[in-house]
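Peer 1: One structure, as structure tokens, below. Some questions next.
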Amino acid sequence: MKEDIIITSDSTCDLGDALVSERGIQIMPLTVILGSESFKDGINISPQNIFDYFDKTGELPKTAAPSVADYESFFAGFVGQGKTVIHFSISSKASGSNGFAQTAQKKFGDKVYVIDSLALSTGQGLLVMKACDLRDEGRSAKEIADTVNALRAKVNTSFVPDTLLYLYKGGRCSTLSYYGSKVLSIHPMIDMKDGQLYPKKKYIGKMSRCIRNYVNDLAAEYKHYDRRRCFITHSGSDPELVAAVREQVEQLFTFDEILITVAGSIVTSHCGKNTLGVLFICE
């Protein structure tokens, strides 16, 4: 009898409603807290709400992971239907959600696999989509889990923020770095390695120029890559900039599909408006 597999993910995968529906992915939303009000990422809050709140208060939203009980209930709904669950979480070094999901998993044994993506946004989403590809090929849950775990270190999860203000307010960059970036128009490439974010390179000048150089650098560094798909993910960037990036990616890479998504409220809470990244799996 063929194993009935369901792919699930924390909302931080930033895949968007259309892809989630098309690939049959189920989403566990994280929580965004604005003052005294709580919202569910991707359900009743949008990135624009984040920007408006920050502009009004000067404060970043708080974010919260689902509890162990939340994950137990989430998994139980699928296991009770006879399904085997493969769940993807945002990097364990960025949130407690993976730890809570791992604890919940113990109740279900080999009916639930929890994958620490060691990524965020569509870096996590790339692994989710790969799992869907493997599921559709008829692979077992264990084969899928083993394959995506082996791919985690090969995911290019990088982005360029338009401003360091959100990272600064969130304690993720120094006062010197923040004010230096304002004075010198510095836009760093933020990369992810071993599940943690770090500044990899600095670009100087207008955002459009910095993004162009960023994509050129990705093409120069990653000569070999999985051609199946690429994500261009942004947080409210100018449509003309997004279109220009897509054209540049088409010229420099050979992907079967280039998917454009908008970062959700959790990722937006930390990176701010006009952040843009080009994400794909390397070989």
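The values are calculated or read from the model by the stated rules, or taken from the named source; none is laboratory data. Remember, predicted model here, so these are calculated numbers, not experimental data. Heads up, the Cβs are rebuilt from the backbone with ideal geometry, glycines too, and the neighbour counts pull from every protein chain shown. Side chains are part of the model used for accessible areas, which takes the heavy atoms of the whole protein and leaves out ligands, DNA and RNA. Shrake-Rupley method; radii C 1.70, N 1.55, O 1.52, S 1.80 Å.
Peer 1: Please list, ordered by chain and number, the residues whose modelled amide H lies under 5 Å from the amide H of Tyr113; skip anything fewer than 5 residues away on the same chain.
Peer 2: Val85, Ile86, His87
Peer 1: Further question on the same structure: Given a Förster radius of 35 Å and the C-beta distance between Lys107 and Ser38 as r, what FRET efficiency does 1/(1 + (r/R0)^6) yield to the nearest 0.05?
Peer 2: Using R0 = 35 Å, I get an efficiency of 0.85.
Peer 1: Translational D (Stokes-Einstein, µm²/s) of the chain at 20 °C and 1.002 mPa s when Rh comes from the Kirkwood sum over C-alpha pairs?
Peer 2: 111
Peer 1: Helix 207-221: angle to the longest alpha-carbon principal axis of the chain, degrees 0 to 90, nearest 10?
Peer 2: 60
Peer 1: First select every other residue whose beta carbon is under 14 angstrom from the beta carbon of Val160; then total the charges, Lys and Arg +1, Asp and Glu -1.
Peer 2: Charge balance in the 14 Å sphere: +3.
Peer 1: Separate question: Using θ = phi - 60° and the Karplus relation 6.51 cos²θ - 1.76 cosθ + 1.60, list the HN-Hα couplings for segment 269-283 in order, rounded to whole Hz, with x at every Gly or Pro.
Peer 2: These are the phi-based 3J(HN,Hα) values: 4, 9, 9, x, 6, 6, 6, 9, x, 10, 10, 6, 9, 8, 10 Hz.
Peer 1: Could you pull out every residue, at least 5 positions away or on a different chain, whose amide H is within less than 5 Å of the one on His187? Hs are placed 1.01 Å off N in the peptide plane, and Pro or chain starts have none.
Peer 2: Long-range HN contacts for His187: Tyr203, Ile204, Gly205.
Peer 1: May I ask you to rank Ser140, Ser11 by accessible area, largest first, using a 1.4 Å probe over the protein chains only?
Peer 2: The ordering from most to least exposed comes out as Ser140, Ser11.
Peer 1: Starting from the eigenvalues of the Cα gyration tensor, five times each then square-rooted, give me the equivalent ellipsoid semi-axes of segment 1-126, largest first, whole Å.
Peer 2: Value: 28, 15, 13 Å, ordered largest first.
Peer 1: Roughly how much of Asp136 is accessible, in Å² to the nearest 10, using a 1.4 Å probe?
Peer 2: Probe radius 1.4 Å; accessible area of Asp136 about 100 Å².
Peer 1: What relative contact order, as a whole-number percentage, does segment 80-131 give when Cα pairs under 8 Å and 6 or more residues apart are counted?
Peer 2: 43
Peer 1: Right, next: Taking Cα atoms, how many degrees apart are the long axis of helix 141-151 and the longest axis of the chain, rounded to 10 and kept between 0 and 90?
Peer 2: Taking Cα atoms only, the helix is inclined about 20 degrees.
Peer 1: Want the number for Arg246 to Asp133: 0.36 nm per residue separation, take away the alpha-carbon distance, what's left?
Peer 2: Taking Arg246 through Asp133 to full extension adds about 38.3 nm, to one decimal.
Peer 1: Using only alpha carbon pairs under 8 Å that are at least six residues apart, calculate the relative contact order of the chain and give it in whole percent.
Peer 2: 21
Peer 1: Can you spot the aspartates and glutamates whose alpha carbon is less than 16 Å from Lys111's alpha carbon? Ignore those fewer than 8 places along the same chain.
Peer 2: Answer for Lys111, where 16 Å is the Cα cut-off: Glu3, Asp4, Glu72, Glu143, Asp146, listed by chain and number.
Peer 1: Sticking with this one: Tally Lys and Arg at +1 and Asp and Glu at -1 over the other residues with C-beta under 10 Å from the C-beta of Glu283: what net charge comes out?
Peer 2: +2
Peer 1: Which pairs, out of Lys142/Lys223; Lys83/Lys193; Lys40/Lys154; Lys62/Lys106; Lys83/Lys142, put more than 25 Å between their alpha-carbon atoms?
Peer 2: Exceeds cut-off: Lys142/Lys223; Lys83/Lys193; Lys40/Lys154; Lys62/Lys106.
Peer 1: Same structure again: Tell me the GluC sites (Glu not before Pro) within segment 1-92 that lie in a loop according to DSSP and have at most 13 other beta-carbon atoms within 10 Å.
Peer 2: Glu59
Peer 1: Sequence-distant or interchain residues sharing an amide H contact under 5 Å with Thr261, placed H: which?
Peer 2: Residues meeting the amide H criterion: Ile232, Thr233, His234.
Peer 1: Work out from phi, with θ = phi - 60° and the Karplus expression 6.51 cos²θ - 1.76 cosθ + 1.60, the ³J(HN,Hα) of each residue of segment 73-89, listed in order in whole Hz, and give x for Gly and Pro.
Peer 2: 5, 4, 5, 4, x, 8, 4, x, 8, x, 9, 9, 9, 10, 10, 10, 10
Peer 1: Can you give the relative contact order of segment 1-114 as a percent, counting alpha carbon pairs under 8 Å and 6+ residues apart?
Peer 2: This gives 28 percent for segment 1-114.
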